[in-house]
Amino acid sequence: MGLDLSSAWDDESWSAEEESDSVRLMGILPDISRITLELFRHTVGLFPEERVAARAARVTDLVLKEYGSDGLRLLSVNLATLATVHIEHNAVLTRRPLHSLLDELAQTQQEIPEFRRDTDD
């Protein structure tokens, strides 16, 4: 079935530990933000799509080596935040429902070899 993400959607459960983590992570946020934008600068428009995955994997490995799991957490947060904002912006500009854009994104993901799942299990 996979990872249960239900606890991730509970905004009411912000703990003192999470607050402490947040303060600590702010120290490396400028570096990770710069790295995130550099990743986009070197992957947007890249073809074939497999090259995007390869570059992203290399950047992820470098972030892990330099900043550990904290760096990976922030990289993930940055990417998710930017993707969310741009999907919402696209929905407004195209006057399409968010779910329509997300369905299209899921379809595109299935067309990229790295994300394709074999159905012949």
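Structure notes:
- Residue, surrounded by the fewest Cβ atoms within 10 Å (Cβ to Cβ), within segment 23-38, restricted to residues that are part of a helix (DSSP H, G or I) and among the hydrophobic types (A, V, I, L, M, F, W, C): Val23
- Close pairs (9 angstrom Cβ cut-off, 6 or more residues apart or separate chains): farther than 22 Å from Ala8 by Cβ in segment 80-99, of a type in the set (A, V, I, L, M) anywhere: Asn90/Leu101; Ala91/Leu98; Ala91/Leu101; Thr94/Leu101; Pro97/Ala91
- Lone qualifier among Leu62, Leu46 - being of a type in the set (A, V, I, L, M) and assigned to a helix (DSSP H, G or I): Leu62
- Test result for Arg96, part of a helix (DSSP H, G or I), of a type outside the set (S, T, N, Q) and surrounded by 11 or more Cβ atoms within 10 Å (Cβ to Cβ): no
- Within segment 1-58, tally of residues that are closer than 17 Å to Thr81 by Cα and in contact (Cβ under 8 Å) with a residue 60 or more places away in the chain: 0
- From the options Ala80, Ala106, residue that is under 30 Å from Ser22 (Cβ atoms), surrounded by 10 or more Cβ atoms within 10 Å (Cβ to Cβ) and of a type outside the set (Ser, Thr, Tyr): Ala80
- The numbered conditions (1) loosely packed, with under 14 Cβ neighbours inside 10 Å; (2) modelled with pLDDT under 95; (3) under 16 Å from the mean Cα position of the chain (by Cα) are all true for Ser20 except (3).
- Residue within segment 63-83 that is in contact with a helix residue (DSSP H, G or I) (Cβ under 6 Å, 6 or more places away or on another chain) and among the small types (Gly, Ala, Ser) present: yes
- In segment 47-69, residue farthest from Leu25 (Cα to Cα) [restricted to those that are at pLDDT below 95 and surrounded by 14 or more Cβ atoms within 10 Å (Cβ to Cβ)]: Glu49
- Residue that is modelled with the lowest pLDDT [pool: residues in segment 23-46 that are more than 27 Å from Gln110 (Cβ to Cβ) and of a type in the set (Lys, Arg)]: Arg24
The values are calculated or read from the model by the stated rules, or taken from the named source; none is laboratory data. Because the structure is a prediction, the values reported are computed rather than measured. Reconstructed Cβ throughout: ideal geometry from the backbone, glycine too, with neighbour counts over all protein chains shown.
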